[in-house]
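**Student:** I am attaching a structure below and will ask some questions about it afterwards.
All of the numbers you see were taken from the coordinates with simple rules; none came from a lab. Computed from a predicted model, the values in this text were never measured in an experiment. We place every Cβ from the backbone using ideal geometry, glycine too, and count neighbours over all the protein chains shown.
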Amino acid sequence: MITPLHHSDYTLKNRAFNCRMRNRYYEEVYYAFRALLPSDFNGTDRGKFDQEWFSNLQKEIKRYARQINTCLDYAQAAIFYGKADHATLYSKDKRWGILQEEIFLVHFLQELLSTTRYIIARIDTDNMLHDWSTNMQGMKAEPAEHGFVSSIQEKLSAMSSATIKEFRELLKHVSERFQIGNTLFGTIQELQNFY
């Protein structure tokens, strides 16, 4: 006859599962981020790649945000986020205790998700402005409006170039942050051994 597990046994099994899933999704998030970077990310020949890269970024960024969100859900569940009564620190329990690095990893993922949501909102706004600019093409046929419309379209085009430059800078910042995240992740994998 099988005896039922105690509540704490279920809690520990859930922690092990959530840690494994967090680890799996963290790796997916990192590789998905690397795929978002332009091929010339560290190079200087940026101009010819920007429009193609930006088009790819628009297609992939929402999927990337979903991956981060899934990883964050597992990372929070792994540390009993908001449920301190379940939490035991690693210093007291080397097998099941929560590492400080796990807590920092949750904050890192939250920051990553926030930055990604910002980029998504900016892309949506830029697409709306681009559509508006395209719709203004018909106004150029009217001579009285031509100068005004051309001026607005020039400014929108300049904004688009500035947006691409800004996104490259944001991704450079995120890439630097991933160095910290990967260090945390490496420590977590080294110290945790759930079987």
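**Student:** Determine the alpha carbon to alpha carbon distance for each of Lys13/Lys62; Lys13/Lys59; Lys62/Lys165 and list only those over 26 Å.
**Tutor:** Correct reply: Lys13/Lys62; Lys13/Lys59.
**Student:** Please report Arg15, Arg63 as a ranked list, fewest other C-beta atoms within 10 angstrom at the top and most at the bottom.
**Tutor:** Arg63, Arg15
**Student:** Skipping prolines and chain starts, which residues have an amide H placed within reach, meaning under 5 Å, of the one on Ile98, given they are 5 or more residues away or on another chain?
**Tutor:** Here the answer is Thr88, Leu89, Tyr90, since their amide H atoms fall under 5 Å of that of Ile98.
**Student:** If we count other beta carbons within 10 Å of each Cβ, what is the order of Tyr26, Tyr74, Tyr81, fewest first?
**Tutor:** So the residues, fewest neighbours to most, are Tyr81, Tyr74, Tyr26.
**Student:** By counting other Cβ atoms within 10 Å of each Cβ, how are Val29, Val174 ranked from fewest to most?
**Tutor:** Val174, Val29
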